[in-house]
Amino acid sequence: MEKVFVAQRVATKLFATESAVDGALAEAAELMSEMLRSKKDVNLSAVVGDEAAAKLVDAIKALGEARTAVVAVHNELNDVKLRLGIRTKMGFEDKALLRQATETEMRDVG
């Protein structure tokens, strides 16, 4: 199989992984927002749910670290691609279709 097609398969998975991590990070941030809003809506004390909020902050931090790691993977794989002599990039239309297929749907909050 030609190197460019193998690289394309890897790139497709990489882009999907990047999108999934970004989506999880966005969902976790929305969860925090909803938790804080819900607590206010039912007039709960600031101490109620504090441990859950702290754990969610830890999860968001971990997702941020995961995102940084995936970006590093992207950079490393780009170097590998160049070492293999592959100079092509994914076309704009292909990236747009991938993004559309893997993007988390944005919702109105507030």
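Values quoted throughout were computed directly from the atomic coordinates according to the rules given, and no laboratory measurement underlies them. Computed from a prediction, not measured in an experiment: that's the story for all the values here. When we count neighbours, we look across all protein chains shown, and the Cβ atoms used for this are built from the backbone with ideal geometry, even at glycine.
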Take the alpha carbon gyration tensor of region 3-102, find the square roots of its eigenvalues, order them as a ≥ b ≥ c, and report rounded if a/c is under 1.5; if not, report prolate when a/b exceeds b/c, else oblate.
prolate
Taking Ser45, Ser33 and counting other C-beta atoms within 10 Å, the order from fewest to most:
Ser45, Ser33
With an 8 Å cut-off on Cα pairs and a minimum separation of 6 or more residues, tell me the relative contact order of region 3-102 in percent.
54
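So, R0 is 25 Å and r is the distance between the beta-carbons of Leu14 and Ala59; what FRET efficiency does that work out to, to 0.05?
On the way: r = 23 Å, r/R0 = 0.92.
That pair, Leu14 with Ala59, gives E of 0.65.
Quick check for me: using +1 on Lys/Arg Cβ and -1 on Asp/Glu Cβ, what's the dipole size of region 1-79 about its Cα centre, in debye to the nearest 20? Display every interim value, and only then the final one.
Details: 9 positive and 13 negative charges, 17 e Å.
Computed charge dipole of region 1-79: roughly 80 debye.
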